[in-house]
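Here is the structure we will look at, set down as structure tokens.
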Amino acid sequence: RGIRRVDRLEDLLAAVVSARDEAVRSFRSHGVMLEQLIEDARHVEVQVLGDGAGEVRVLGVRDCSLQRRRQKVIEECPAPQLPPPILAELLASAANLTERVRYRSAGTVEFLYAPAEQRIYFLEVNTRLQVEHPVTEEVHGIDLVRAQIELARGRPLPEAPAPRGWAFEARVCAEDVQNGFAPAPGRLVRFVLPSGPGVRVDTGFAEGDTISPDFDPLVAKIIAWGPSRSA
């Protein structure tokens, strides 16, 4: 909501007025931010754990670029085809930021990576676990939910094994494919989940349950791990 693209200076005033008016109607706020437009970028994010005393553990980089209507659909860990200098900059930037604020908890530091420019741009820190955290768990061998609870209790940072293999997550949503993938709440008449080696399913629903129209139409997350990306 509220995003306006401006390519010419003469269009700026109208866009600001339009965005401001929508903000007032929706949120009773006149606040408007001006940000650089970054095209053809990848959405990448770094999983961090902090103990509140300046010690931080950085657990790799995820790629969440496959999105629909600004909602992530497919995520993977590690992020593929990142040049080594970019990967190093992402990890160092996330560590530096969370160390300086003495961050305590699990968190997600999000960036845009512009391949054409070979530059990264900071987006935000989500001070919580993200829906896509299981791919990091599968690759790095750590229970992030437990780690977040333990850190909140004042416990030290958990040990993390060396990363191994590759993981993908697909979000399964109740959507109407024929209607532009619009949310389609209702009863789950047939609901069969996959299983087998390397397959994990996170869901809160079973066959016969009803998907509410009041919330996100996410039904399940299917996570697949293998020794390599091709596997």
Next item on the list: Go through the stretch 142-175 and give me each residue that's closer than 23 Å to residue 211 by Cβ and either among the small types (Gly, Ala, Ser) or touching a Pro at 6+ places or on another chain (Cβ under 8 Å) (or both).
Entry: 169, 170, 173, 174, 175
Next item on the list: May I ask you to say which residue of 66, 13 is surrounded by fewer than 16 Cβ atoms within 10 Å (Cβ to Cβ) and farther than 26 Å from residue 133 by Cβ?
Entry: 13
Notebook entry, point to check: Hey, among the residues in the stretch 126-141 that are under 30 Å from residue 211 (Cα atoms) and in contact with a Leu (Cβ under 9 Å, 6 or more places away or on another chain), which one's surrounded by the fewest Cβ atoms within 10 Å (Cβ to Cβ)?
Noted result: 131
Next item on the list: From (1) part of a strand (DSSP E or B); (2) under 15 Å from the mean Cα position of the chain (by Cα), pick out the condition that doesn't hold for residue 79.
Entry: (1)
Item checked: Close pairs from the stretch 185-210: first part of a loop (DSSP other than H, G, I, E, B), partner open to solvent by 40 Å² or more (accessible area, probe 1.4 Å) and among the basic types (Lys, Arg), Cβ under 8 Å, at least 6 apart -> 207/190; 208/187; 209/187
Check: Do you know which residues across the stretch 213-231 are free of Cβ contacts under 8 Å to residues at least 60 places away in the same chain and not in a strand (DSSP E or B)?
Finding: 213, 214, 215, 216, 217, 230
Next item on the list: Taking the residues in the stretch 16-55 that are in contact with an Asp or Glu (Cβ under 6 Å, 6 or more places away or on another chain) and not in a loop (DSSP other than H, G, I, E, B) as candidates, determine which candidate is surrounded by the fewest Cβ atoms within 10 Å (Cβ to Cβ).
Entry: 44
Checklist line | Per-region count, the stretch 163-181, residues open to solvent by 60 Å² or more (accessible area, probe 1.4 Å) and within 22 Å of the chain's Cα centre (by Cα) | finding: 4
Checklist line | Residues being touching a residue at least 40 places away in the same chain (Cβ under 8 Å), surrounded by 18 or more Cβ atoms within 10 Å (Cβ to Cβ) and of a type in the set (A, V, I, L, M) - total across the stretch 69-94 | finding: 2
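The values are calculated or read from the model by the stated rules, or taken from the named source; none is laboratory data. Not measured: the values here are computed from a predicted model. Cβ atoms come from the backbone with ideal geometry, glycine included; neighbour counts cover every protein chain shown. Each accessible area value is taken on the protein alone, full model and side chains, heavy atoms only, with ligands, DNA and RNA left out. Shrake-Rupley method; radii C 1.70, N 1.55, O 1.52, S 1.80 Å.
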